[in-house]
Amino acid sequence: MSNLCFILGDQLSFSLSSLQHINPTQDVILMCEVWDEATYVKHHKKKIAFLFTAMRHFAASLREKGYQVIYIRLDDPENTGSFQGEVQRLLQTGHYNRLIVTQPGEYRVLADMQQWQSLFNLPVDILPDTRFLCSIEEFQQWAQGRKQLRMEYFYREMRKKYRILMQNDEPIGGQWNYDAENRKPPRKGLNIPAPYSRSNEAQQKSQHSSQPIAQPIAQQAMASQTILQDVLALVAKRFSDHFGDLEPFYFAVTRSEALEVLAQFIQQRLPYFGDYQDAMLQGEPWMYHSHISFYLNCGLLEPLECIHAAEQAYFSGTASLNAVEGFVRQILGWREYVRGIYWLTMPTYKEANFFEATRPLPSFYWHAKTDMNCLHQCISETQRHAYAHHIQRLMVLGNFALLAGIAPHEVNEWFLIVYADAYEWVELPNVSGMILFADGGYLASKPYAAGGSYINKMSDYCKQCRYKVTVKNGPDACPFNYLYWDFLARNRAKLQSNHRLGMMYKTLDRMSDEKRRAIQQDSQIFLNQLDA
Ligand code: FAD
Ligand code: DLZ
Ligand code: SF4
């Protein structure tokens, strides 16, 4: 009798807690591609292709290390289509006396797994996911007794705990946070490096194959291309009705490739990451961001190695403090903070709807056909790449959903579908907490609402828009302008006491009745058209 270790698609790490608890010569690992997981929301085609390819590679590297792996492909004839069905199928063989898993990232999967012990009548060990830098219990302790949770204070604790950018007990440079230096608008002539592209890397490897010594590398590259081609064909056939473009496919799919992405970022983009963190440019989806969330979230990269690589760039003088601190804060601060909030508040967090928003998601979120150029650009890029950077998600796509009063469950579903880095533990707090303020201020101190002038300042989108960002009312006015004030007016009872919005309410109150009527009328006309 042996143990069965079940590894999920976002657990592709050799450091995984379940792997530390099994005996490679005796125990068996199960990995499976299942229909239910790929369709409980209709994930972007690139996301499915990325995960299945990365899973197949990870299974191969586990075997190379001597583990016994049973890998179930989506089109295996016996595949039952669900995690539970696949685990049950193996347990029915009678070869196993214990099931070992690392805690899944999503509440719904954990809730299922917690039934398995009684369902299968065998011990099920659900081990903590130690790849995160703050355990669920540690976060609970930190949050306990606090009236308000704020990322900034949590982040400081994490900096101290891991001694990141610290000198004795003080932050290097004397400040914890350099965000104020990280808001430069994009300037003309920025030289943005090309992002990592797997096909380029594979080509380079096979070009070197004329030298005999490089032949194993070329063979590996070819085998890897075969895995990818198989998965691309599968996704094209089985998920043709899902959102987004499958090809070109350029994501890294192995740990060594993901490490190349990280190294490229540290060398080429990190020096500018801070300055241009909030900047958006038409035709430049990748900017100076790291594009590592796909790999961090499925386990190909570990948070601390990314943080240390950035810290090292500061120590060696290749990147400035504002850039490195800004990047570290995203991973050591925001990423851990949103995960802590998720586990602290689920399952009720999912139901939160502070503004009682009910509007359906406008159809242009699926096809990008809208005259609002900022939205058109961000949605088109999302379709192509299954990626948009943070400010596009927050201040364009999210800001619009907030101002238009779109129902949280519809916005959440969209964000979970369209990004290759989306898993509920990270997507839900960002959507319900950060963009929609649906939790009433549990995660963020005020709604991230803004009019067109913010988008105009931080991007070049407005120059090519049919609307005029400087016009506040009427058919040519930028819709963000009147929707912003209408949002504040509509939600006055819920927001007026928020001291961070005091100035805005004073401005609203100083407006003439005529102006306020125009704002309301324009908003109604616009929103009615949206619904139609
Ligand atoms: P960078 O800008 O280079 O940042 C570095 C890393 O920091 C990221 O890879 C990510 O791991 C982490 N990070 C940065 N901001 C956040 C954040 N707010 N929350 C958690 N981690 C963060 N991130 C996801 O990983 N999955 C999601 O499903 C997701 N949904 C989002 C939805 C909305 C509405 C918003 C506003 C943000 C969302 N984010 C999500 C956070 C952030 O936008 C992405 O992590 C980031 O854009 C990924 O690109 P990058 O790797 O180039 O990040
Ligand atoms: C996202 C995803 C998809 C599309 N498919 C699978 C799959 O077939 N098999 C699998 O093990 N994992 C998949 N995943 C990732 C899971 O959704 C993820 O592991 C859970 O949501 C827990 O975070
Ligand atoms: Fe977006 Fe308004 Fe600018 Fe058009 S004018 S791109 S709608 S912010």
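The values are calculated or read from the model by the stated rules, or taken from the named source; none is laboratory data. Small disclaimer: the values here were computed from a predicted structure and weren't measured. Note: ideal-geometry Cβ built from the backbone for every residue, glycine included; neighbour counts use all protein chains shown. These accessible areas exclude ligands, DNA and RNA; they are computed on the full protein's heavy atoms, side chains included. Shrake-Rupley method; radii C 1.70, N 1.55, O 1.52, S 1.80 Å.
In the context of the full set of protein chains, residues of region 364-531 present 39 Å² of accessible surface per residue (probe radius 1.4 Å, heavy atoms only). The distance separating the Cα centre of region 332-379 from that of region 470-495 comes to 20 Å. Between GLU514 and LYS188, the simple label model (points 7 Å from Cα in the Cβ direction) yields a spacing of 3.9 nm. When the Cα positions of PHE251, SER135, TYR505 are compared along the charge dipole of the chain, TYR505 comes out farthest toward the positive end, with charges on each C-beta of Lys, Arg, Asp and Glu. If one puts a single equal scatterer on every Cα of region 2-127 and applies the Debye formula without solvent, what log₁₀ I(q)/I(0) results at q = 0.11, 0.12, 0.15, 0.21 Å⁻¹? Once normalised to I(0) and log-transformed, intensities are -0.35, -0.41, -0.67, -1.41.
Gain on full extension, evaluated as 0.36 nm per residue between GLU137 and ALA532 minus their Cα-Cα distance, stands at 137.5 nm.
Seen through its C-alpha gyration tensor, with square-root eigenvalues sorted a ≥ b ≥ c, region 364-531 comes out oblate because a/c lies at 1.5 or above while a/b is not bigger than b/c. Its alpha carbons give region 308-399 an Rg and a Dmax of 17.9, 52 Å. For the chain, the residue among TRP35, SER523, VAL426 whose Cα projects farthest onto the positive side of the dipole built from Cβ charges is SER523. Computed about the Cα centre, the dipole magnitude for the chain is approximately 1420 debye when only Lys and Arg (+1) and Asp and Glu (-1) carry charge, each at its Cβ.
Helical runs (DSSP H, four residues minimum) scored at -39500 (n - 2.57) apiece and divided by the length of the chain put the mean residue ellipticity at 222 nm at -13500 deg cm²/dmol. Each residue of the chain gets 171 Å³ once the volume of the Cα convex hull is shared out per residue. Restricting region 4-97 to GluC sites (Glu not before Pro) that sit in a DSSP loop and have at most 12 other Cβ atoms within 10 Å of their own Cβ leaves GLU78. Relative to one another, the C-alpha centroids of region 18-55 and region 82-108 are positioned 12 Å apart.
Against the chain, whose longest principal axis is taken from its Cα atoms, helix 303-315 shows a tilt of about 70°. When the Cα atoms of region 43-195 are aligned to their principal axes, the ranges along those axes come out at 61, 48, 31 Å in descending order.
The dipole here belongs to region 1-95: it is taken about the Cα centre, uses +1 on the Cβ of Lys and Arg and -1 on the Cβ of Asp and Glu, and is about 320 debye. Can you send over the carbon and sulfur percentage of the accessible area for the chain, probe radius 1.4 Å, protein chains only? Summing carbon and sulfur atoms, their accessible area is 49 percent of the total for the chain. Checking every one of the trypsin sites (Lys or Arg not before Pro) in region 39-73 against DSSP loop status and a limit of 13 other Cβ atoms within 10 Å picks out LYS65.
The length gained by stretching the chain between GLN282 and ASN97 to full extension, at 0.36 nm per residue less their Cα-Cα distance, is 60.9 nm.
A simple charge model with +1 on the Cβ of Lys and Arg, -1 on the Cβ of Asp and Glu and nothing else charged puts the dipole of region 439-499 at about 100 debye relative to its Cα centre. Taking 0.36 nm per residue of sequence separation and removing the Cα-Cα distance, the TYR40/GLN114 pair yields an extension gain of 24.7 nm.
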